1. With everything on Cα atoms, drop me the angle between helix 251-268 and the longest principal axis of the chain, reported from 0 to 90° to the nearest 10.
2. Using alpha carbons only, what's the Rg to Rh ratio of region 236-328 with Rh from Kirkwood?
3. Excluding same-chain residues fewer than 8 positions from K196, which lysines have a Cα within less than 24 Å of its Cα?
4. Taking a probe of 1.4 angstrom, what is the accessible area of R242 in Å², to the nearest 10?
5. For S70, S29, S302, give the ranking by accessible area with the largest first, probe 1.4 Å.
6. Can you tell me the relative contact order of the chain? Whole percent, Cα pairs under 8 Å, sequence separation 6 or more.
7. Give me the compactness ratio for region 172-312, meaning the Cα radius of gyration over 2.2 N^0.38 Å.
8. Where does helix 203-219 land angle-wise versus the long Cα axis of the chain, in degrees 0 to 90, nearest 10?
Amino acid sequence: MTTLRMKTYDILIENHAIEAVKRLVEDGSNRKDVFVVTDNHVKALHLETLRRVLDPIHLHVVSITPGEASKSVSTMLDVIGQLLTMGIKRDHLLIGFGGGVVTDLAGFVAAILYRGITYAAIPTTLLAQVDASIGSKTGIDLAQGKNLLGAFKDPAWVLIDPMFLETLPKEVRIDGLAEMIKAALIADPVLYQMLKDDDEITEKKIIRAVEVKRSIVMKDPYETHERMLLNFGHTFGHAIERKHHYETYTHGVAVAYGMLIAMDLGVRQGITPKALYDDVLNTLKKTKLVTEPLLLASDYVSHIGFDKKQLSDGLRFIFLEDIGQAVIKTVRMEDLL
Ligand SMILES: NC(=O)c1ccc[n+]([C@@H]2O[C@H](COP(=O)([O-])OP(=O)(O)OC[C@H]3O[C@@H](n4cnc5c(N)ncnc54)[C@H](O)[C@@H]3O)[C@@H](O)[C@H]2O)c1
């Protein structure tokens, strides 16, 4: 088992790691109950496995409707209501078992219920394994924008079992792949080469992608500087999602186009080598994350405005000088055209 150490908790990664989850849940105590937030897809596909490996611990399960719409105030209150009805107390453990929607929502519930209860994550999508469940950000969406309500909540542990990905639909898998390519581009040339050679998702590649996020978050847990590097491709990625009302492009696809827009701006500003842009374009085409004609910055600039990354003195924008060398520069809106 690979164990990556965060400041206060471990991230455990291995195929079939789920078999070891009982030891983590018991944690030297005599737990008889555990509370699980999941969604209806994951419940149907994988809850039985969790029940089996945790037996005889009793699972109290709250299952939400799959999808981003569930990262809402109303679902959050509903989940909290169900947990309270089931008898959750301050010293119970709450597990988020699902994709990023579930881990963001369950983590947020754990952060605020009784002013904080113990939380752990078992992410089941590629995006949640390499991104959403790492770094302690939790949250829900408001009508005014995504992730506007949230908290930093350190889990007790994160267990990543790539075996869960076997049931993942292709279009969900590809979203995670985009974040892996992003991680590789900002910090890990070896991972970039591995993904370029073959986009099959392996335990080794997941470990490397998690390590990129881990090391950046360790340096800057509250996103005052380095952690912004993880937003590479996301300024335009979010603008693309917003303009199309989160319907036309999935998050990963929007980020892929966003990375190309960021690199194109970098080329025009003399920061990014043109050969690097061409190489990444080919990789993203090969993985089917993008197709030509590409999306244009000019069509999306006006949709950047309300992004949380916009600060009072300008926009922190991430450029790529080389693979593994991302830089943060403050730009004005007009620089982005
Ligand atoms: N907290 C963070 O740092 C952070 C970082 C990145 C993204 N996020 C958040 O993550 C969310 C997106 O996460 P996501 O892409 O995992 O989406 P998701 O949670 O909506 O999952 C996508 C779909 O896959 C299904 N699914 C989950 N596991 C499965 C499995 N093993 N087999 C088959 N189907 C499965 C789900 O039911 C859902 O239909 C967004 O809300 C985003 O804001 C958070």
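The values are calculated or read from the model by the stated rules, or taken from the named source; none is laboratory data. Note that the structure is predicted; figures quoted are calculated from it, not measured. For neighbour counting, all protein chains shown are included, and Cβ atoms are generated from backbone atoms with ideal geometry for every residue, glycine included. Please note that ligands, DNA and RNA were not included when accessible areas were found on the heavy atoms of the full protein model with its side chains. Shrake-Rupley method; radii C 1.70, N 1.55, O 1.52, S 1.80 Å.
1. 30
2. Values: Rg = 13.1 Å, Rh = 13.7 Å.
Value, to two decimals: 0.96.
3. K170, K182, K204, K205, K213, K274, K285, K286, K288
4. Accessible area of R242: about 70 Å².
5. Values: S70 10, S29 55, S302 100 Å².
Putting S70, S29, S302 in descending order of accessible area: S302, S29, S70.
6. Numbers: 605 pairs, mean separation 48.2, N = 337.
It comes to 14 percent, rounded to a whole number.
7. On the way: Rg = 14.6 Å, N = 141, 2.2 N^0.38 = 14.4 Å.
For region 172-312, the normalised Cα radius of gyration comes out at 1.01.
8. The answer is roughly 80 degrees.
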